Amino acid sequence: MQASDTHIYKAQRQILANNLKTKGITDKRVLEAIRQVPRHAFMDERYIRFAYQDDAFPIAAGQTISQPYTVAFQTQLLDIQKDDKVLEIGTGSGYQCAVLLEITSSVFSIERQEILYESAFKRLKELGYSPHLRYGDGHEGWPEEAPFDKILITAAAHEIPPRLLEQLTIGGKLVMPVGGANTQKMTLVEKISDTESIFSEHGGFVFVPLLKGKV
Ligand code: SAH
């Protein structure tokens, strides 16, 4: 059962959004999404009281719900527009997916851990969100639904999976933490033609690894 929303949670979200603003999040749609999404409903029960702290926390299957700043930062880098078709790799708790759904209605998200896929599916539905979720390996992307205007990868690897770049529109953007296990560089890819992309790096982050196959 999801913990219900309260005035206290709403007030805590205001404070969290203000906190993210002081850390450099300026996109109004992103800040509004942070104010709207009940993060406490995405937390493992043991950590609910910390839901509006700007930190990552453990969820099932040894994974994590990303830190709100990281969610906001990746979303802001992608410059999500109202009608964008977005692909997320690593549904996890579903929190980032809900933040995206506050901005655009067309969100596709893939998770390789069945237990997380199932709980995110149930949770997002109960909260009234309508994402398209798939249980599978995100390296393959979602070819039947491609191309996507924006692609967001919430797990780290040494390289951007080529199939994901293929599934990006020309003019589209992809964001992914690229690097080894200890730290990664937040990398923005802007695809300018079928063969050319512009890469830029936006600071250091620590993510769980992007793994092969599904479990
Ligand atoms: N966006 C999530 C963050 C989850 S952490 C949230 O807001 O809670 C990253 C997630 O990526 C984990 O759930 C992990 O299981 C998943 N993951 C790792 N490799 C993957 C792959 N190849 N395909 C899909 N999901 C993957």
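Taken together, the values in this text are just the output of simple stated rules run on the coordinates, not laboratory data. Predicted, not measured: the structure shown is a model, and the values here were computed from it. Counting neighbours? That spans all protein chains shown, and the Cβs are built from the backbone with ideal geometry, glycine included.
Some observations on this one:
- A crude spin-label estimate for the pair T195 and D83, with each label 7 Å from Cα along the Cβ direction, gives 3.1 nm.
- Those residues of region 122-138 whose amide nitrogen sits under 20 Å from the label point placed on E32, 7 Å along Cα→Cβ: 128-131
- Principal semi-axes in Å for the chain [√(5λ), Cα gyration tensor, largest first]: 25, 19, 17
- 15 Å Cα-Cα reach of K173 towards aspartates and glutamates, excluding residues that sit fewer than 8 places from it in its own chain: D79, D83, D84, E88, D149, E190, D194, E196, E201
- When the pairs K23/K85; K28/K82; K150/K212; K21/K191; K122/K191; K85/K191 are compared against a 24 Å limit on Cα-Cα distance, K23/K85; K21/K191; K122/K191 fall above it.
- Mean separation of Cα contacts under 8 Å, 6 or more apart, over the residue count of the chain: relative contact order %: 15 percent
- Dipole orientation for region 7-205: of the candidates H7, N182, P162, H7 has the Cα lying most toward the positive pole (charges on Cβ; Lys, Arg +1; Asp, Glu -1).
- The value of relative contact order for region 16-140, using C-alpha pairs under 8 Å at least six residues apart, is 22 percent.
- Each residue of region 1-84 gets 111 Å³ once the volume of the Cα convex hull is shared out per residue.
- The gain in end-to-end length when the I48 to S130 segment is fully stretched comes to 27.2 nm, 0.36 nm per residue minus the alpha carbon separation.
- Choice from F42, F57, F108 with maximal GNM fluctuation in the chain (Cα, 10 Å cutoff): F57
- Over region 159-203: Kirkwood hydrodynamic radius from C-alpha pairwise inverse distances, Å: 10.9 Å
- Of the trypsin sites (Lys or Arg not before Pro) found in region 14-106, those in coil by DSSP whose Cβ has at most 13 other Cβ atoms within 10 Å are K23, K82.
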